[in-house]
Amino acid sequence: MRKCFTALAVGVALLLGSTALADITFVPLYGDGANEGFNDPTLGAQRRTAFEHALGIWGQQFSSSHTGETITISATFDPLGSGVLGGAGSVQFFTDGSTTYGSALANHLSGGDLSGQPEIFAIFNSSFSDFYYGTDGNVGGSQWDFVTVVLHEVAHGMNFFDLINSDGTWNGGQPGIFDRFLEIGDGTNLDTMTDAQRSAAIRSGDLFWNGSGGIDGNGGTRPEMYAPSTYQGGSSVSHLDQTVHSGLLMTPGLFNGVAIHDFSALELGMFHDMGWTAIPEPAAIAIMGLLGLAALGRRRA
């Protein structure tokens, strides 16, 4: 996630009571040069097809808040670290004076386009040779499903990210909307803690989501967030716990041979808590500095 904050004086007004108009349109903006990445003469067409298939899945998740609501994702392939599949984040950030929002959600809540810029940037590892670019989910046991990776990374651009630095301070000086729903096991919210307390909390293995949508989507139990004792930049906090919520899209690592092309009720509930209007709405409501997804390997019987 980029560390810059822009247009912080722009207010964000909640429009959750307005009537949903239509599905949101997700638009790719490919930034690779000729003969590389999404324009590679051998793999480019497969990559674009898989990427746009994933955006089509995203387009079925939320209702728009205003006519013509569009989310543009600037996407490239570039060399990343070993074992890293990709990373993504918000291009810009906005505030209502006390809480920060990524530009996609800020546009949604304000009822219009606040900047005229792409909302999300996404980078995928051009050095990783084991992506499966099919759209059918029939990924081989030695491959990693690209559609799954895209769905995961775009989710970070949709505001599935925290703004907590390793030392417990706020990146940008204030909490983000995601941070407003974080608490430890005893119910203490992270946004009420001192920096030192918050730094300990994100390493505690005792970190939860307290939003009603996420809880209801998890069968009445608070979703558990990823907070290992050794802080992992780009993974800690901004993901669901890998063990507790194994098999869901928003854990920090993806196993080979696994395709996840659906969002769980838990994940959709969390997005609804932050302000997105899910289709249908949850029943209870009438890497680098990128957020990265790591490749995990496992043996198969």
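The values are calculated or read from the model by the stated rules, or taken from the named source; none is laboratory data. Computed from a prediction, not measured in an experiment: that's the story for all the values here. In this analysis, Cβ positions are derived from the backbone assuming ideal geometry, glycine residues included, and neighbour counts consider all displayed protein chains. Remember, those area values only see protein heavy atoms, side chains included, never the ligands or the DNA or RNA. Shrake-Rupley method; radii C 1.70, N 1.55, O 1.52, S 1.80 Å.
Rounded to a whole number, what % of the accessible area of the chain do carbon and sulfur atoms account for, probe 1.4 Å?
Values: 5800 of 11630 Å².
Summing carbon and sulfur atoms, their accessible area is 50 percent of the total for the chain.
Through the Karplus equation 6.51 cos²θ - 1.76 cosθ + 1.60, θ set to phi - 60°, convert the phi angles of region 97-113 into ³J(HN,Hα) values in whole Hz; use x for Gly and Pro.
Each residue of region 97-113 in turn: x, 9, 9, 9, 10, x, 5, 4, 6, 4, 4, 4, 6, 7, x, x, 8 Hz.
Could you rank the peptides 81-88, 110-117, 60-67 by their average count of other C-beta atoms within 10 Å per residue, with the highest value first?
Top to bottom by mean Cβ count within 10 Å: 81-88, 60-67, 110-117.
Bins of 5 Å, beginning at zero and ending with the bin holding the largest distance: percent of Cα pairs per bin for region 154-256, please.
Per 5 Å bin, starting at zero, the Cα-Cα P(r) for region 154-256 comes out as 2, 14, 25, 28, 19, 9, 2, 0 percent.
Arranged from highest to lowest average of other beta-carbon atoms within 10 Å per residue, in what order do the peptides 193-201, 260-268 appear? Numbers along the way, then the final one.
Details: 193-201: 16.0, 260-268: 19.2.
My ranking of the peptides, most packed first, is 260-268, 193-201.
Could you do me a favour and compute the accessible area per residue for the chain, 1.4 Å probe, result in Å²? Provide the component values of the computation, followed by the final result.
On the way: 11630 Å² over 301 residues.
Heavy-atom accessible area per residue stands at 39 Å².
Considering every pair of different Cα atoms, what Kirkwood radius, in Å, is found for the chain? Write out the running numbers ahead of the final one.
Details: mean 1/r = 0.0519 Å⁻¹.
Radius from the Kirkwood sum: 19.3 Å.
Report the gain in length on full extension from Asp23 to Thr42: 0.36 nm times residue separation, minus Cα-Cα distance, nm rounded to one decimal.
On the way: separation 19, 0.36 × 19 = 6.84 nm, distance 3.29 nm.
Extra length from Asp23 to Thr42 when fully extended: 3.5 nm.
In nm, what is the difference between 0.36 nm times the number of residues separating Ser82 and Gln197 and their Cα-Cα distance? Mind dumping the intermediate values first?
Details: separation 115, 0.36 × 115 = 41.40 nm, distance 3.24 nm.
The Ser82-Gln197 span can extend by a further 38.2 nm.
If I stretch the segment between Thr188 and Thr243 completely, what's the gain in nm (0.36 nm per residue apart, minus their alpha carbon distance), one decimal? Walk me through the numbers before you get to the answer.
Details: separation 55, 0.36 × 55 = 19.80 nm, distance 2.29 nm.
Extending this stretch completely gives an extra 17.5 nm.
Can you give the FRET efficiency for Ser126 and His261, using 1/(1 + (r/R0)^6), R0 = 30 Å, r = Cβ-Cβ distance, to the nearest 0.05? Write down the numbers at each step before the final one.
On the way: r = 23 Å, r/R0 = 0.78.
Calculated transfer efficiency: 0.80.
Once phi is turned into ³J(HN,Hα) by the Karplus curve 6.51 cos²θ - 1.76 cosθ + 1.60 with θ = phi - 60°, what whole-Hz value does each residue of region 180-188 show in order, with x for glycine and proline?
Values, residue by residue: 5, 10, 9, 8, 8, x, 7, x, 6 Hz.
Which value in deg cm²/dmol, rounded to the nearest 500, describes the helix-derived mean residue ellipticity at 222 nm for the chain, given -39,500 (n - 2.57) per DSSP H run of n ≥ 4 and division by the residue count? Show your work: numbers first, answer last.
Details: 6 runs with 58 residues, N = 301.
Using -39500 (n - 2.57) per qualifying helix, the result is -5500 deg cm²/dmol.
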